[in-house]
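Asks: Dropping a structure here in structure tokens format, bear with me for questions.
Only the coordinates and a few stated rules stand behind these numbers; no lab work does. These numbers come from a predicted model, not from an experiment. So basically every Cβ, Gly included, is an ideal-geometry build from the backbone, and we count neighbours across all protein chains shown.
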Amino acid sequence: MNHSQKRLAIKELMDASGIRFGTSGVRGPVGEMSRTLCFAYTSAFLNAVSATSGAVALAIDLRPSSPEIAAACAAAIAHAGLEVDYCGAIPTPALALYAQSKGVPGIMVTGSHIPFDRNGIKFYSPTGEITKADEDCICQAVVDVPEGGLTSRLPPVNRSASQDYIDRYLRFFPPDCLSGMKLGFYEHSSVARDLLQELLEMLGATVIPLGRVDEFVPIDTEAVSDDDVQLARRWADQHGFDAILSTDGDADRPLIGDERGHWLRGDITGILCAQYLGALAVATTISCNTAVELCGSFLKVLRTRIGSPYVIEGIDQLVESGARNVVGFEPNGGFLVGSRLEKNGRTLAPLLTRDAVLPILCLLSMAREKGCKVSELARELPARFTASDRLQSFPTETSQAMLRELAASPEALAELLAGLCGEPRSLDQTEGLRIYLANDEIVFFRPSGNAPELRCYAESTTQERAGLLVQECLQRMNARLASQRPVHI
């Protein structure tokens with residue numbers, strides 16, 4: 001071994017830093033994402049996908065910490081004898097599409113929707129987002145890291161990735177399909193804020209930009225803040241939009257508001273998008289609205305664990321079983337195309353990563369074709385409504401221990417839910433604690449895979465009831481933590 005290098009085990013770096021794989025990519029506090037760690041993770045990824053020659057596509061979101069992390073990734077790419085194909089600040093699905101079309105690995109530096117003081121790295125093989133098996137391989141790797149030279153100047157931006165992404169949708173959606181629509185675009189710090197506005201205007205829409213900021217703002221499409229709820233309603237009242245649109249930070253999750261400024265739930269967006277595309281088979285997570293089965297639109301529905309790698313595994317299973325027109329989606333609204341789709345003589349190639357732009361365009365086009373308002377798109381779906389929110393700064397280990405106690409103690413569970421909902425009928429501990437209630441409601445607690453947060457999802461027959469269940473259950477869990485009751489692990 002060259003004495004100017006040191007051998008580092010990824011598992012030891014994970015344990016020391018807390019930077020590990022979550023539901024998609026490695027993530028953690030920016031202060032722990034050292035040059036050494038980012039270099040090592042990138043080296044392990046390149047080894048896992050057997051990248052020995054050619055280029056690696058690299059892109060970033062708009063977090064202030066992303067360029068420095070990308071510089072460490074670029075140094076590892078160069079150290080491996082590969083070329084850095086730097087695509088600049090672009091949506092994650094644009095990076096994935098470009099890597100797929102060029103047949104090269106891809107690296108996206110992004111923390112997606114997680115808090116400002118955290119960041120992450122997502123990895124892509126030439127066929128799409130890496131699998132859980134790839135993640136395991138990376139975690140077990142031992143890599144050589146130089147004693148110095150752990151950052152590299154990023155080369156000039158190659159804008160081909162952005163243009164290829166725009167062209168993907170210009171080829172699939174008819175010209176001027178959005179003509180006459182007046183759309184608000186909530187820009188905040190979304191990496192898609194310029195690209196998506198350009199695309200919407202090229203398809204004929206009039207777009208009014210809203211809420212652009214210079215600092216990074218984490219937008220969680222599964223737990224929209226009260227401020228953003230009120231903002232959308234004020235904008236709708238003020239401008240008379242046909243819809244208000246946004247994405248999370250790296251634009252792999254959409255946020256779609258109707259003409260009244262009411263944000264649509266991501267799983268309803270996913271169902272409607274799948275219907276518009278003529279999907280016959282769907283892979284989605286266990287936390288998704290049961291309307292996906294009850295609507296009767298799909299021949300097969302496969303439920304998975306939470307996280308896009310698991311949804312991708314589900315898509316692969318459906319494709320291998322012979323299913324056609326396969327898609328996947330998550331309750332956060334991120335949508336995946338699992339097989340070649342055709343509509344009105346236009347085709348859409350698979351893209352195995354979450355995408356925010358496709359569901360936005362599908363729902364807008366669906367409203368135009370049906371001649372209805374965006375708020376009316378879901379009126380034919382079964383009356384099942386979901387809500388979700390989170391408790392932040394809630395340590396993952398604490399969440400896990402509390403949920404184990406509740407699952408093991410019918411008395412503790414009954415006390416938690418007393419006077420709120422029906423008796424528990426069954427439990428599912430696949431991902432946290434999913435409680436099926438005798439009155440056909442569902443409450444689901446889950447420690448976040450990306451940050452120290454406890455998430456709660458609920459499903460009921462009205463939106464108001466689902467929201468009440470979430471808020472009351474989170475308050476009770478927070479009170480349970482504050483009471484410092486003994487937790488039996």
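Asks: Please find the FRET efficiency linking R7 to Q400, where r is the Cβ-Cβ separation and R0 is fixed at 35 Å, and quote it to the nearest 0.05.
Replies: Efficiency at R0 = 35 Å is approximately 0.60.
Asks: While we're on this one: What is the P(r) of the range 118-252, as percent of Cα-Cα pairs per 5 Å bin from 0?
Replies: Answer for the range 118-252: a P(r) of 2, 7, 13, 15, 17, 14, 12, 8, 5, 4, 2, 0 percent.
Asks: State the Kirkwood hydrodynamic radius of the range 10-93 in Å, one decimal place, computed from all pairs of distinct Cα atoms.
Replies: Hydrodynamic radius (Kirkwood, Cα pairs) of the range 10-93 is 13.3 Å.
Asks: Based only on Cα atoms, what mean projected area does the convex hull of the chain have, in nm²?
Replies: Dividing the Cα hull surface by four gives the mean projection, 22.7 nm².
Asks: Which value does Rg/Rh take for the range 188-268 over its C-alpha atoms, Rh per Kirkwood?
Replies: Working: Rg = 12.0 Å, Rh = 13.0 Å.
Expressed as Rg/Rh, it is 0.93.
Asks: For the chain, what does the relative contact order come out to in percent, with C-alpha contacts under 8 Å and a separation of six or more?
Replies: Computed value for the chain: 12 percent relative contact order.
Asks: Using only the alpha-carbon atoms of the range 1-53 as identical scatterers, what base-10 log of I(q)/I(0) does the Debye formula give at q = 0.18, 0.24, 0.31 Å⁻¹?
Replies: Cα-only, vacuum Debye calculation for the range 1-53: -0.65, -1.03, -1.31.
Asks: Ok, one more. Would you mind pulling out the separation of the Cα centroids of the range 379-410 and the range 206-267, in Å?
Replies: After rounding, the separation between the Cα centres reads 25 Å.
Asks: Moving on to the next point. Using a 4.7 Å cut-off between beta carbons, which cysteines in the chain end up with no partner cysteine at all?
Replies: Taking the Cβ cut-off of 4.7 Å, the unpaired cysteines of the chain are C38, C73, C87, C137, C139, C177, C288, C295, C372, C421, C456, C473.
Asks: About its Cα centre, what dipole magnitude does the chain give when the only charges are +1 on Lys and Arg Cβ and -1 on Asp and Glu Cβ, stated in debye to the nearest 20?
Replies: Dipole of the chain, to the nearest 20 debye: 480 debye.
Asks: With the convex hull built on the Cα atoms of the range 321-477, state its orientation-averaged projected area in nm². Working shown, then result.
Replies: Details: hull surface 47.2 nm².
Directional mean of the projected Cα hull area for the range 321-477 stands at 11.8 nm².
Asks: Relative to the present Cα-Cα distance, how much length would full extension add between R171 and V319 at 0.36 nm per residue of separation?
Replies: Going from the current span to full extension adds 50.9 nm.
Asks: Quick check: net charge around L381, other residues with Cβ under 12 Å of its Cβ, Lys/Arg +1 and Asp/Glu -1?
Replies: Values: positive: R265, R379, R384; negative: D267, E293, E376, E380.
Around L381, the surrounding residues sum to -1.
Asks: At a Förster distance of 25 Å, what's the computed FRET efficiency of Q163 paired with R346, Cβ-Cβ distance as r, to 0.05?
Replies: Taking R0 as 25 Å, the efficiency between Q163 and R346 is 0.85.
Asks: So, one more: Compute log10 of I(q)/I(0) for the range 227-381 with the Debye formula, placing one identical point scatterer on every Cα and leaving out solvent, at q = 0.10 Å⁻¹, to two decimals.
Replies: So the normalised log intensities are -0.33.
Asks: How high is the relative contact order of the range 344-451, in percent, counting Cα pairs under 8 Å that sit 6 or more residues apart?
Replies: Values: 70 pairs, mean separation 16.0, N = 108.
Value for the range 344-451: 15 percent.
Asks: Quote the relative contact order of the range 422-469 in percent (integer), defining contacts as alpha-carbon pairs under 8 Å separated by 6+ residues.
Replies: This gives 25 percent for the range 422-469.
Asks: Quick one: divide the alpha-carbon radius of gyration of the range 1-153 by 2.2 N^0.38 Å and tell me what you get.
Replies: For the range 1-153, the normalised Cα radius of gyration comes out at 0.93.
Asks: For the pair S53 and L420, what calculated FRET efficiency results from E = 1/(1 + (r/R0)^6), where r is the Cβ-Cβ distance and R0 = 56 Å, to the nearest 0.05?
Replies: The formula returns an efficiency of 0.40 here.
Asks: Rank-order 242-249, 109-116 by packing density, defined as the average count of other C-beta atoms within 10 Å over each peptide's residues, highest first.
Replies: Highest to lowest by the protection proxy: 242-249, 109-116.
Asks: Under a crude label model (7 Å from the Cα following the beta-carbon direction), how far is R233 from D144 in nanometres?
Replies: Each label point is offset 7 Å from its Cα along the Cβ direction, giving 6.2 nm.
Asks: Using bins 5 angstrom wide from zero, how does P(r) for the range 153-221 break down, in % of all Cα pairs?
Replies: Taking all Cα pairs of the range 153-221, the binned fractions are 4, 14, 21, 19, 20, 14, 5, 2, 0 percent.
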